[in-house]
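None of the figures in this text is laboratory data; all of them are computed from the coordinates on show. Everything numeric in this text was worked out from a predicted model, so none of it was measured. Cβ placement follows ideal geometry from the backbone for every residue including glycine, while neighbour counts extend to all protein chains displayed.
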Amino acid sequence: MRPVVVLLAIVAALTGTPALARAATGPCTPGTGSPRCALWTGTATFVADGDTIDVDVAGDGTRTARRVRLTGINAMELRRYSTRPSRRRGDCHAVEAAARLEGLLRRGHMRVRLAAQDPASRSGSRLRRQVSTRIGGRWIDVASVLVAEGHALWLPNGVEWAWNREYAALSRRAAAQGLRLFDPAACGPGPAAEAALSMRVNYDAPGDDRENVDGEWAAVSNGSDSAVPLDGWWFRDSALRRYVFPDGASIPPRGTVTVYAGHGESTTTSFYWGLSAPAFENPTLDARWMGDGAYLFDPRGNLRSWVIYP
């Protein structure tokens with residue numbers, strides 16, 4: 001066994017966590033120049049939501065399924081999980097994303113291939129993995145399908161970075177086409193539905209981002225002649241953290257409001273997220289292709305304005 005597998009087995013024995021099966025190795029992505037990945041196969045036993053599944057990993061010596069977080073994407077959240085699609089409940093787009101993921105896996109007879117640049121990669125207690133299923137004689141990257149169809153946001157990862165550039169391009173394309181999440185009326189008519197909203201993001205604060213959290217901000221502009229009420233609207237980056245606008249907030253006609261990442265005293269046009277660390281990833285423009293996104297949702301769950309970078 002490779003040293004990393006031996007180490008993981010020792011850790012598993014000490015912590016009670018099931019050991020990882022011994023992995024094969026291969027390129028993470030098709031084409032030349034791909035980094036190498038550890039590869040496992042298994043059977044998907046449950047679809048939790050649009051980016052999380054349970055997998056019985058072949059060769060790990062158990063029939064215990066492991067929870068797997070699909071790397072590189074973030075689907076909207078379910079509040080009720082179920083094996084029966086009719087019983088699922090959650091944010092707008094969440095049920096549809098889970099159904100699409102489950103449909104892809106069923107077409108592949110629930111057989112999956114898992115890939116990771118770092119076999120120990122985790123998202124909390126979940127294994128962080130790229131997931132493929134075999135359809136029509138070839139392995140299909142299910143996350144690439146979900147992000148390309150607008151079912152999920154791009155969520156780049158600095159450890160499992162092999163897929164970042166592809167998923168970023170697919171997400172920008174889905175946004176340009178107004179697919180699903182990027183359809184501003186997909187969840188039903190929201191307030192100020194005709195307002196022309198745009199956004200700018202300052203993701204790189206002057207100096208050290210960690211010491212100048214308020215140097216990161218997102219400015220949302222209203223191009224219409226009427227104010228846009230922001231009661232119940234919320235703002236997020238690619239991760240799950242949200243800023244919910246206070247009651248009575250609005251964007252003035254032909255005006256702008258700014259959300260600062262850190263702490264401060266809000267005004268009618270300046271709001272503070274209250275984070276103690278930077279919100280936005282700085283783009284790297286290297287092989288890792290790190291970046292982020294900023295997203296503004298109305299109370300119905302419609303995505304009304306966004307920026308995806310780089």
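Residues in the range 161-185 that are touching a residue at least 40 places away in the same chain (Cβ under 8 Å) and crowded, with 22+ Cβ neighbours inside 10 Å were compared, and the one that is nearest to M76 (Cα to Cα) is L181. Residues that are over 20 Å from L240 (Cβ atoms) and among the hydroxyl-bearing types (S, T, Y) within the range 99-153 comprise S132, T133, S144, listed in sequence order.
Residue-by-condition table, conditions (1) within 22 Å of A186 (Cβ to Cβ); (2) without any contact (Cβ under 8 Å) to a residue 60 or more places away in the chain:
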residue	(1), (2)
T71	no, no
S86	yes, yes
G124	no, yes
S132	no, yes
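Of all residues in the range 31-63, those being under 23 Å from the mean Cα position of the chain (by Cα), closer than 18 Å to D118 by Cα and outside any strand (DSSP E or B) number 2. Which pairs turn up if I take residues in the range 282-310 that are touching a residue at least 60 places away in the same chain (Cβ under 8 Å) and look for partners that are part of a loop (DSSP other than H, G, I, E, B) and β-branched (V, I, T) with beta carbon separation below 9 Å, at least 6 apart in sequence or on another chain? Qualifying pairs under 9 Å: M290/T284; G291/T284; P310/T284.
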